[in-house]
Amino acid sequence: MIAYIKGEIIDISEDNLILEANQIGYNIRISPGTAGRLPGIGEEVKIYTYTYVREDAFLLYGFLTKDDLDIFRRLITVNGIGPKGGLAILSVMTADNLRFAILSGDAKAIAKAPGIGAKTAERVILDLRDKVSLEESLEKSFTGGTGLGQDMAGAAGSQKAAKARNEAVEALSALGYSPSEALKAVKKVEITDGMDTEEVLKQALRKMNG
């Protein structure tokens with residue numbers, strides 16, 4: 001219903017943000033992680049929102065990036081994970097870490113969220129594993145959730161560099177490393193256009209074993 005709100009921060013607490021836009025103050029539910037990344041009171045910020053409507057409430061949930069909002073939308077499709085549970089998970093994990101926990105079957109990491117037990121964490125993995133791909137996770141991680149695809153600076157500034165990066169992560173995963181371990185190692189490699197997959201892989205392995 002409301003895609004985003006851009007306005008002035010009036011107040012911030014661990015789980016709530018008051019944002020004023022066009023002389024209207026909006027109460028927006030947020031995670032502690034989001035609260036910690038917000039600028040100070042009086043600063044302007046753009047918050048992507050999810051509108052939750054039920055008989056006795058009309059609530060807004062807010063996120064700093066479209067990526068966070070997207071993973072939240074996926075989380076609340078899981079039976080037993082409502083908006084409160086979705087925020088709880090995102091309070092202990094970034095969207096990036098959550099995707100890799102799902103791909104690697106790391107229920108313990110998800111279960112660290114307040115109110116999320118082991119069975120619920122396993123259900124998150126079971127329900128979302130087919131909705132989260134390694135390729136998507138790599139692109140989100142390297143672009144910061146901006147949707148810039150392969151048009152990136154630094155670690156993957158061209159299609160060739162991006163291809164070498166993706167193939168190196170897949171190769172490490174095939175060698176038995178978790179997707180999260182593989183991604184972290186490859187992110188440490190300064191990938192240039194002249195590097196092929198083999199070179200990226202060798203450097204990533206040195207980073208992991210160094």
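The values are calculated or read from the model by the stated rules, or taken from the named source; none is laboratory data. Keep in mind it's a predicted model, so treat the numbers as computed, not measured. Glycine gets a Cβ as well: all are built from the backbone with ideal geometry, and neighbour counts include every protein chain shown.
Per the listing T34, T94, the residue uniquely assigned by TED's automatic domain parsing to the domain that holds A113, of a type outside the set (A, V, I, L, M), at pLDDT below 95 and under 25 Å from V132 (Cα atoms) is T94.
Residues that are over 18 Å from the mean Cα position of the chain (by Cα) and polar (S, T, N, Q) within segment 1-58 comprise S13, N16, N22, Q23, N27, T51, listed in sequence order. Scanning segment 1-34 for residues being of a type in the set (A, V, I, L, M) and surrounded by 16 or more Cβ atoms within 10 Å (Cβ to Cβ) gives a total of 8. Those helices (runs of 4 or more DSSP H) of segment 156-210 in which at least 1 residues are closer than 25 Å to V132 by Cα, touching a Pro at 6+ places or on another chain (Cβ under 8 Å) and among the aliphatic types (A, V, I, L, M), considering only elements entirely within it, cover 159-174.
Based on this model, can you work out whether A107 counts as surrounded by fewer than 17 Cβ atoms within 10 Å (Cβ to Cβ) and farther than 18 Å from A3 by Cα? It is false that A107 is surrounded by fewer than 17 Cβ atoms within 10 Å (Cβ to Cβ) and farther than 18 Å from A3 by Cα. Residues that are touching a Ser or Thr at 6+ places or on another chain (Cβ under 7 Å) and touching a residue at least 40 places away in the same chain (Cβ under 8 Å) were ranked within segment 174-204; the one that is surrounded by the fewest Cβ atoms within 10 Å (Cβ to Cβ) is S178.
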